[in-house]
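To start, the structure itself, in structure tokens.
The values are calculated or read from the model by the stated rules, or taken from the named source; none is laboratory data. Computed from a prediction, not measured in an experiment: that's the story for all the values here. Note: ideal-geometry Cβ built from the backbone for every residue, glycine included; neighbour counts use all protein chains shown.
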Amino acid sequence: MKSSFLSKLAQRSSEPAISWLMRLTLDQPKLISLAAGFTDNESLPVSQTARLVHEILGSKKASRTPLQYGSTAGHPDLRRLTAHDLALLDGHSDPRIYSPDRVLITNGSQQLLYIVSESLCDPGDIVLVEDPSYFVFFGIAQSHGLQCRGISMKDDGLDLEHLEETLAFLKRKKQLHQVKLLYLVSYFQNPSGATTSLEKKQRALEILRRYERDAGHPIFLLEDAAYRELRFYGPDVPSALAIEKASDRVIYAGTYSKPFATGIRVGFGRQKRFNEFLSAAFNGQVQQRSVTWIFFVWVRVVSQKQLGNFLAAVFNGQEQRSGLLPILNIWIRFVVQKQLGRAFAFQV
Ligand SMILES: Cc1ncc(COP(=O)(O)O)c(C=O)c1O
């Protein structure tokens, strides 16, 4: 039982399972944790990062800005580069969709998920999630007093029939006005590994759109693309932003942490109405003031195309180092899906 002098939000919040999973891994360096999401220590880009930090802080004049406060929405160059790279990835260049003004830089995509939940949802609201889904998101939902409704999954991602059934059920129960979001981990989903096709994302958006009139407000697709860049083979799938006339209902969450170095934790989001979202979120009042220099590191990583080169080197190394990788993947899927996933998701 938490002290009653705490705010309702603090009383609702509990220590996320990921915290002890991470602590366990850090305390026992020999443990190979398949749950905590650590990047491989040996692959971390030590020399590249040292060179970049030297470049940034090496010149007396230029090093002042990175050590100064930054703006709330993030470093303008990083916003521009992020918008540009996102457009390239999606094979789309409409400046209204991929405008830097619509990009927000955060301290990890986790923070973006938090800001979005806080900006759109009130306690008691409903978030539709894949079943199973990324369990750390449930902690955010719990803090904000949200109900997560699980939508079952097929091998190729979300079960659209179940999505439709769930919305119809909530309509009958007169609860549609509480539905604010569908949270989708669309690339190599955590924990199932499924990637959602563009067509499926389009159909999910169409279904959500059909229920908006009864909901009385937009129902957003929060597309968490945390693992998009970690593709070993096959062509990339465009994000839901690329879907014709749908981008204003899509909130895209990406991260630079996963594909490079998790310790230099920077995430980003894209949504048409970010200015509105930001002013509504208290994080907007306090974030972005202490990490400016890290954004400068990322400006260099992205502009010098280091991310792609680094990933290519890591993937080549992995392939040579470990023929066991596919077996390990299957094992991770099995354990996480069976043991963890079900425990954290709820079904209508
Ligand atoms: C699906 C998913 N989304 C978001 C995150 C958070 O990433 P970041 O380090 O950018 O906050 C993770 C981290 O494991 C994740 O698995």
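May I ask you to list the residues in the range 120-148 that are part of a loop (DSSP other than H, G, I, E, B), under 22 Å from Glu165 (Cβ atoms) and touching a Cys at 6+ places or on another chain (Cβ under 7 Å)?
If the condition is that a residue be part of a loop (DSSP other than H, G, I, E, B), under 22 Å from Glu165 (Cβ atoms) and touching a Cys at 6+ places or on another chain (Cβ under 7 Å), then Leu146 is the only one that fits.
Starting from residues that are buried (at least 21 other Cβ atoms within 10 Å of the Cβ) and of a type in the set (Lys, Arg), keep the ones in the range 201-245 and report whichever is modelled with the lowest pLDDT.
It comes out as Arg228.
When you scan the range 109-129, do you find a residue that is farther than 29 Å from Ile151 by Cα, in contact (Cβ under 8 Å) with a residue 12 or more places away in the chain and hydroxyl-bearing (Ser, Thr, Tyr), even just one?
no
Kindly indicate whether any position in the range 95-118 is in contact with a strand residue (DSSP E or B) (Cβ under 7 Å, 6 or more places away or on another chain) and more than 21 Å from Val136 (Cβ to Cβ).
yes
Which helices (runs of 4 or more DSSP H) does the range 1-75 wholly contain that include 1 or more residues that are in contact with a Leu (Cβ under 9 Å, 6 or more places away or on another chain) and β-branched (Val, Ile, Thr)?
Qualifying helices (runs of 4 or more DSSP H): 17-27.
If you scan the range 1-31, which residues turn out to be among the hydrophobic types (A, V, I, L, M, F, W, C), more than 16 Å from the ligand (Cβ to nearest atom) and farther than 25 Å from Gln147 by Cα?
Restricting attention to the range 1-31, the residues satisfying the condition of being among the hydrophobic types (A, V, I, L, M, F, W, C) are 1, 5-6, 9-10, 17-18, 20-22, 24, 26, 31.
From what's left, more than 16 Å from the ligand (Cβ to nearest atom): 1, 5-6, 9-10, 31.
If the condition is that a residue be among the hydrophobic types (A, V, I, L, M, F, W, C), more than 16 Å from the ligand (Cβ to nearest atom) and farther than 25 Å from Gln147 by Cα, then Leu31 is the only one that fits.
How about the range 86-108: which of its residues are in contact (Cβ under 8 Å) with a residue 12 or more places away in the chain and either aliphatic (A, V, I, L, M) or within 16 Å of the ligand (Cβ to nearest atom) (or both)?
Of everything in the range 86-108, those that are in contact (Cβ under 8 Å) with a residue 12 or more places away in the chain and either aliphatic (A, V, I, L, M) or within 16 Å of the ligand (Cβ to nearest atom) (or both) turn out to be Leu86, Leu89, Ile97, Val103, Leu104, Ile105, Thr106, Asn107, Gly108.
Taking the range 112-134 as the region of interest, how many residues are within 12 Å of the ligand (Cβ to nearest atom) and surrounded by fewer than 21 Cβ atoms within 10 Å (Cβ to Cβ)?
Final tally of qualifying residues: 1.
Looking at the range 225-242 only, could you name the residues that are within 28 Å of Phe135 (Cβ to Cβ) and in contact with a helix residue (DSSP H, G or I) (Cβ under 7 Å, 6 or more places away or on another chain)? Lay out the reasoning, then the answer.
Applying the first criterion (within 28 Å of Phe135 (Cβ to Cβ)) to the range 225-242 yields 225-234, 236-241.
Within the range 225-242, Ala226, Glu229, Phe232, Asp236, Val237, Pro238, Ser239, Ala240, Leu241 meet the criteria.
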